[in-house]
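The values are calculated or read from the model by the stated rules, or taken from the named source; none is laboratory data. Everything numeric in this text was worked out from a predicted model, so none of it was measured. Here the Cβ positions follow ideal geometry from the backbone for every residue, glycine too, while neighbour counts run over all protein chains shown.
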Amino acid sequence: MDLIKRIMASIILCCFILCVQAQDLPLNISLEVNDEDGVIINKNTIQAYLTVKNSGVQEVQFSAEWTILTDDWQPLKLVTLSETVEAGSPLRMDCPLFRFPAPGFYRIRAIVKQVGFEPQNFEHVIGVDPEKIMAPKDGLQDLEEFWTREIAGLAEIPPNYKLTPIKRKNSKTNLFEVEMKSYNGSTVRGWLEVPKKKGVYPALLRVPGYQENIEPIDAADDLIVFSFNTRDHGESDDSDGKETRSWDMWVRGLESIDNYYYKGLFLDCIRAMDFLETRKDVDQDRIAVWGGSQGGGLSFATAALDDRVDLCIADIPFMCEFPKYFEITHWKELDTWFSEHPKENWESILNTLAYYDTKNLAHKIKCPVWMGIGLQDDVCPPATSFVTYNYIESEKSYVVYKNDYHSQPDEHYENRMKELRAYLKNKK
C-alpha cells in the first residue's frame with residue numbers, strides 16, 4: 001500500500017510540475033518598426049520596439065540585448081535592458097535611441113532572454129536614404145569595347161528561329177514554343193503568347209530567376225508575352241553539355257571574363273530581343289523586359305546593352321555591386337570554387353565580375369526603370385540593388401516591401417502587370 005501511495009504521489013507531483021510549466025510558456029514577442037515601409041528619408045532615427053505579451057498567471061522577468069549593426073554585420077551599438085511584464089498584460093519595450101550615421105541599410109537586433117528558456121532572436125533590416133547609397137564603379141577601360149564585340153559576335157550566329165504552335169483550351173492567347181540558336185551555338189527556348197485578334201501589340205520579355213523554368217502565363221489579350229528561358233533554364237540547352245543544373249552554375253568560368261557563365265545569359269537575352277524584332281505584330285517602340293532575382297539582374301543588363309528595351313522592370317535584382325554583395329552574403333559554391341582554383345582570389349574574381357556587375361552598365365539604361373525590393377532580403381541585399389539603381393540616369397521608381405525577404409507578395413505582381421499594360425497602352 002505504501003508503494004502505491006508513493007507512486008500516486010509521484011504522479012500528482014509530475015502533473016503539478018507539468019501544469020506549472022504549461023502556464024509558464026515563453027513570452028509571445030514580436031519586433032516591430034513603426035514606419036510604413038521601413039525606409040526613412042531625410043531622417044536618421046526610426047522607432048523600433050518589442051511587443052511582449054504574457055498570457056501566463058505569473059509576472060515574468062526578461063532581458064533584451066539590443067544591437068544595431070550595419071548590413072554587413074559591423075556592430076554600432078549594444079545595450080541590454082531588463083523588464084518585468086505582469087501576468088495577462090502586454091508590454092512595449094523600445095529600442096534605445098540611435099542616430100544612423102549615413103545612408104545605407106542597418107540591422108536592428110534584439111536577443112530576448114528569460115530564465116529557463118532558450119534565448120529568442122529577432123532582427124529587422126531598415127533603410128536610411130537608399131537613393132543616396134553609392135559605391136565606386138570598377139573603372140573598366142574596355143567595358144564598352146568588350147560588350148560591343150560580344151554582341152557583334154552574337155549577330156554572326158544565324159538564329160534559325162523555329163515556332164511550333166501549341167494547342168490549349170479556354171485561353172486568351174495563341175501559344176507557340178519558340179526555339180533559336182544563341183551564343184556558342186546553344187539552343188534556347190521560350191513560350192510566345194499572342195492575342196487571338198490580329199493586330200500590332202506591345203510586348204513583354206520575361207527572363208528567368210536562377211534555375212527558374214519560365215512558363216506561359218496567359219495574362220492578357222492586349223499584350224504579346226515572350227516567356228524566355230536562357231541556357232540552363234527550362235527546355236533550353238545546358239551550357240556544359242552535361243544536362244545537369246546544379247547550384248554552382250553561377251561560379252562557372254569565374255577565372256575568365258570571356259568564359260564566365262553570365263556572358264551566355266546576357267547574350268541569350270539579346271537574342272530574345274532579336275526575335276521580338278522580327279515579329280510584325282510587335283510594336284517595336286513598346287517592348288518591356290521583366291524579371292526577378294537573377295531575372296532582375298538580367299533585366300538591368302538587357303536594358304543597358306540593348307536600346308530596343310522601352311521599359312525595364314527589375315525585382316529583387318541579383319548581379320548588383322558585387323564587392324558589397326560578398327561583404328554581406330556567403331555561398332558555399334564559392335568556397336568549393338576557390339578550393340578547386342587555388343591560384344584565384346577575391347581580387348581576380350571581382351575583376352571578372354566587374355564586366356557583369358550591373359552597376360557598371362547602369363548608366364547605359366535609357367528607358368524607364370521600375371524596381372521592387374524585399375527589405376529583409378538576405379539573398380540579394382537591398383543595398384546592392386540600390387547601387388545599380390542610383391547609377392541609372394533615366395526615369396525610375398521603386399517599391400519596398402517592409403517584411404518580405406527574397407520574394408514579393410502576390411499583389412505586387414498583379415499590380416505591376418496592371419501598371420505595365422497601362423503604361424505600354426498609353427506610350428506613344
- Which of the residues spanning segment 212-239 are over 28 Å from residue 253 (Cα atoms) and in contact with a helix residue (DSSP H, G or I) (Cβ under 7 Å, 6 or more places away or on another chain)? 219, 220, 222, 223, 226
- Task: Residue by residue through segment 371-428, note down the ones that are buried (at least 20 other Cβ atoms within 10 Å of the Cβ), outside any helix (DSSP H, G or I) and of a type in the set (Ser, Thr, Tyr).
- Result: 401
- Return yes or no: is residue 164 of a type in the set (Val, Ile, Thr), in contact with an Asp or Glu (Cβ under 8 Å, 6 or more places away or on another chain) and either on the phi < 0 side of the Ramachandran plot or in a strand (DSSP E or B) (or both)? yes
- Go over the candidates 123, 145 one by one and state the one that is exposed (fewer than 11 other Cβ atoms within 10 Å of the Cβ) and out of contact with any helix residue (DSSP H, G or I) (no Cβ under 7 Å at 6 or more places or on another chain). 145
- Just to be sure, is residue 318 modelled with pLDDT of 95 or more, among the aromatic types (Phe, Trp, Tyr), surrounded by 24 or more Cβ atoms within 10 Å (Cβ to Cβ) and closer than 28 Å to residue 37 by Cβ? yes
- Message: Anything in segment 215-237 that is farther than 21 Å from residue 284 by Cα, β-branched (Val, Ile, Thr) and in contact (Cβ under 8 Å) with a residue 40 or more places away in the chain? List them, or say none.
- Response: 230
- Long-range neighbours under 7 Å by Cβ, at least six apart or interchain, first residue under 13 Å from residue 406 (Cβ atoms) within segment 282-299, second of a type in the set (Gly, Ala, Ser): 292/209; 293/209; 294/209; 295/209; 296/314
- Message: Scan segment 180-201 and tell me whether some residue there is in contact with a Phe, Trp or Tyr (Cβ under 6 Å, 6 or more places away or on another chain), assigned to a strand (DSSP E or B), free of Cβ contacts under 8 Å to residues at least 40 places away in the same chain and buried (at least 22 other Cβ atoms within 10 Å of the Cβ).
- Response: yes
